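Chemist: Just dropping this structure here.
Nothing in this text is a laboratory measurement; each read-out follows from the coordinates by a stated rule. The shown structure was predicted, so the numbers you read here are calculated from the model rather than taken from an experiment. Virtual Cβ from ideal backbone geometry, glycine too; neighbours counted across all protein chains shown.
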Amino acid sequence: MQITIHRATQVGGQITRISTAQASIIVDLGHNLPNRAEDKDAYDNDRAIAEITKDCSAILYTHYHGDHIGLFHHVSDNIPQYIGEVAKQVVCRKYKQLCFLRDPSLQQKYGRALTVASAMHTFHENQTLRFGDIIVTPYFVSHSAYDAYMFLIEAEGKRILHTGDFRGHGYLSKGLLPTIQKYIGQVDVLIIEGTMLARKDETILTERALSQKAAELMKEHKYVFVHCSSTDMERLASFKNATRSMSPRRSLLADGYQRDILAIFSVTAGKKSACFDFGRVDICAKDSPLDIGTENNGFTMFVRASDTFYTLLDQILPQLPTGETPLLIYSMWEGYIDREDTRNDEYVKLQERFTDVVQLHTSGHATIDTLRHVCGLTNPRLAILPIHRDKETDFSSIGIPVQLQEKVVTADCRLNDTIDIKFL
Ligand SMILES: [Zn+2]
Ligand SMILES: [Zn+2]
């Protein structure tokens, strides 16, 4: 068996290939995170992806973040691609939105992506898939993308767990360790994300605690604007639940795209738990302006950093009653604002429209404690392959026993951040 991991020592741009003598699958085909406009992804073209996916039986996606699926539209039609059922709906809605962009070349690119996404196969948790002699079982995980999975991959007498991105402190994290204990147990190889290794100082709130803090802020501010990922269901639910706890009742506002995404979550996860049923969401968009007069009790509005929202905010903010200071809650990673190398200028531009801005965020990734628990429960016999982490980080320093530390294999930089390893 051979495992090839491209770009192992960076966060994002994830690609893992697992091959036996008979078959070969790829887990995730991610684009580099868009830190700066000039950061090009060398794999972002049909030729590079044809090379990487050559003779591959299938591609399976852990979740719908761009750093895990972003190159899917380059894949040849004869290689089947698999994703979670709800994740597929979110991806299709997202690309449908991108098709509205005016630039004809982008329209063509995203149109092709929408066609490919619509043709994706779906899988279900705990149900095995077979590709030649490779058996894959997806297990649900909590992450800042809903409908995310880790994969147990079994072939040639070996068991591999690929965690994808995951965390232990979300609403939907309760099953993480019991699932590993009950259904997975010891593995031969653990491929595990290590995003938080470089972010050890970050405060980690549970999603529930974050929602309570949001409610406290909403008591202070009637008009609250929330900038968070439009597809992070658990985070959106935290702000929805905080809003619903206000009395008198406040409106929940979003544009048409965000409302469609919330509707996807309401009819799927929302059927299993009221926490994710978003209920009534009112539209607030350029072509359906807000009547502030009817919003005396206040509102929570989901916003994004785009020209459309700047125009909308420039209409709404001056209309708010004097004496009511609107609050922008920034609910994403602080590095997009504070760090020179990862700053997102659009996010900064959005914040400049507000005098009161509060950061309220918690990570979508596993803490060091959670990483240690997963290593302990899976107790890998042959190797731990850390991925999705900063180059300078040391996975063996997470407090695992020496016999596990010795199994940590890191990328060989001479191979251009690729781990390429054969197990006999
Ligand atoms: Zn990721
Ligand atoms: Zn992710």
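Chemist: Per 0.36 nm of contour for each residue apart, how much would the distance between S245 and D356 grow if the chain were fully extended, relative to their Cα-Cα spacing?
Modeler: Net length gain for the segment: 37.8 nm.
Chemist: Determine the dipole magnitude for the chain: charges of +1 sit on the beta-carbon of Lys and Arg, -1 on that of Asp and Glu, nothing else is charged, the reference point is the Cα centre, and the result goes in debye to the nearest 20.
Modeler: Taking the Cα centre of the chain as origin, the dipole is about 1020 debye.
Chemist: To the nearest 20 Debye, how big is the dipole of the stretch 152-282 about its Cα centre, given +1 on the beta carbon of each Lys and Arg and -1 on that of each Asp and Glu?
Modeler: I would put it at about 620 debye.
Chemist: Here is a follow-up. Measure nothing fancy, just the Cα-based angle from helix 307-316's long axis to the longest principal axis of the chain, in degrees from 0 to 90, nearest 10.
Modeler: Orientation of helix 307-316: about 30 degrees from the principal axis.
Chemist: Hey, with R₀ at 25 Å, roughly what FRET efficiency would E346 and D369 work out to, going by the Cβ-Cβ distance, to 0.05?
Modeler: 0.15
Chemist: Using the beta-carbon distance between T206 and H121 and R0 = 30 Å, what value does 1/(1 + (r/R0)^6) give for FRET efficiency, to the nearest 0.05?
Modeler: Details: r = 34 Å, r/R0 = 1.14.
Plugging the Cβ-Cβ distance into 1/(1 + (r/R0)^6) gives 0.30.
Chemist: Helix 207-220 against the longest principal axis of the chain: what's the angle in degrees, Cα atoms only, rounded to the nearest 10?
Modeler: Approximately 10 degrees, to the nearest ten.
Chemist: Something else about it: Taking only Cα atoms of the stretch 151-230, what ratio of Rg to Rh do you get with Rh as the Kirkwood inverse-distance radius?
Modeler: 1.13
Chemist: So what J values fall out for the stretch 90-104 if you push phi through Karplus, 6.51 cos²θ - 1.76 cosθ + 1.60 with θ = phi - 60°, rounded to Hz, Gly and Pro as x?
Modeler: Per-residue couplings from phi come out as 5, 4, 5, 5, 5, 6, 4, 5, 5, 5, 6, 4, 6, 4, x Hz.
Chemist: Given the convex hull over the Cα atoms of the stretch 207-359, what projected area results after averaging over all orientations, in nm²?
Modeler: Result: 8.8 nm².
Chemist: Starting from the amide H of I15, placed 1.01 Å from N in the peptide plane, find each other amide H under 5 Å away whose residue is 5 or more places distant or on another chain.
Modeler: Close amide H contacts, sequence-distant or interchain: H6, G30.
Chemist: Just check the stretch 305-370 against the gyration tensor rule for me: Cα atoms, a ≥ b ≥ c as the square roots of the eigenvalues, rounded for a/c under 1.5, and otherwise prolate or oblate depending on whether a/b exceeds b/c.
Modeler: Judged from the Cα gyration tensor, the stretch 305-370 comes out prolate (a/c at least 1.5, a/b above b/c).
Chemist: Additional query: Residue by residue, what Karplus-based ³J(HN,Hα) values in Hz, rounded to whole numbers, does the stretch 53-67 have, using 6.51, -1.76 and 1.60 with θ = phi - 60° and x for Gly and Pro?
Modeler: These are the phi-based 3J(HN,Hα) values: 9, 3, 6, 8, 7, 6, 10, 10, 9, 5, 6, 8, 5, x, 6 Hz.
Chemist: Between beta-carbons, use under 9 Å as the cut-off and find the net charge around T300, counting Lys and Arg +1, Asp and Glu -1.
Modeler: +2
Chemist: Here's a follow-up. Per 0.36 nm of contour for each residue apart, how much would the distance between K182 and A198 grow if the chain were fully extended, relative to their Cα-Cα spacing?
Modeler: 2.7 nm is the gain from fully extending K182 to A198.
Chemist: Using the Cα centre of the chain as origin and beta-carbon charges of +1 (Lys, Arg) and -1 (Asp, Glu), tell me which of T367, N297, P386 is placed farthest towards the positive end of the dipole.
Modeler: Positive-end residue among those listed: N297.
Chemist: Something else: Viscosity 0.692 mPa s, temperature 37 °C: give me the Stokes-Einstein translational D for the chain in µm²/s, with Rh taken as the Kirkwood radius over C-alpha pairs.
Modeler: In µm²/s, the coefficient rounds to 146.
Chemist: If you don't mind, there's one more thing I want to ask. For the stretch 295-300, in order, what is each residue's ³J(HN,Hα) by Karplus, 6.51 cos²θ - 1.76 cosθ + 1.60 with θ = phi - 60°, in whole Hz (x at glycine and Pro)?
Modeler: 10, 4, 7, x, 7, 10
Chemist: If R₀ is 45 angstrom, what is the calculated FRET efficiency for the pair Q22 and R112, using the beta carbon separation as r and rounding to 0.05? Walk me through the numbers before you get to the answer.
Modeler: Numbers: r = 31 Å, r/R0 = 0.70.
E between Q22 and R112, to the nearest 0.05, is 0.90.
Chemist: Please list the non-local residues whose amide H lies under 5 Å from the amide H of I384, H modeled 1.01 Å from N, same-chain partners needing a gap of 5 or more.
Modeler: Close amide H contacts, sequence-distant or interchain: L190, V408, V409.
Chemist: Taking 0.36 nm per residue of separation and subtracting the Cα-Cα distance, what length does fully extending D314 through A42 add?
Modeler: 94.1 nm
Chemist: While we're looking at this one, here's another question. Would you work out the charge dipole size for the stretch 18-150 about its Cα centre, treating the Cβ of every Lys and Arg as +1 and the Cβ of every Asp and Glu as -1, and quote it to the nearest 20 debye?
Modeler: The calculated dipole for the stretch 18-150 is roughly 420 debye.
Chemist: I would also like to ask the following. For the chain, find the longest principal axis of its Cα atoms and tell me its angle to the long axis of helix 256-267, 0 to 90°, nearest 10.
Modeler: Compared with the principal axis, the helix lies near 60 degrees.
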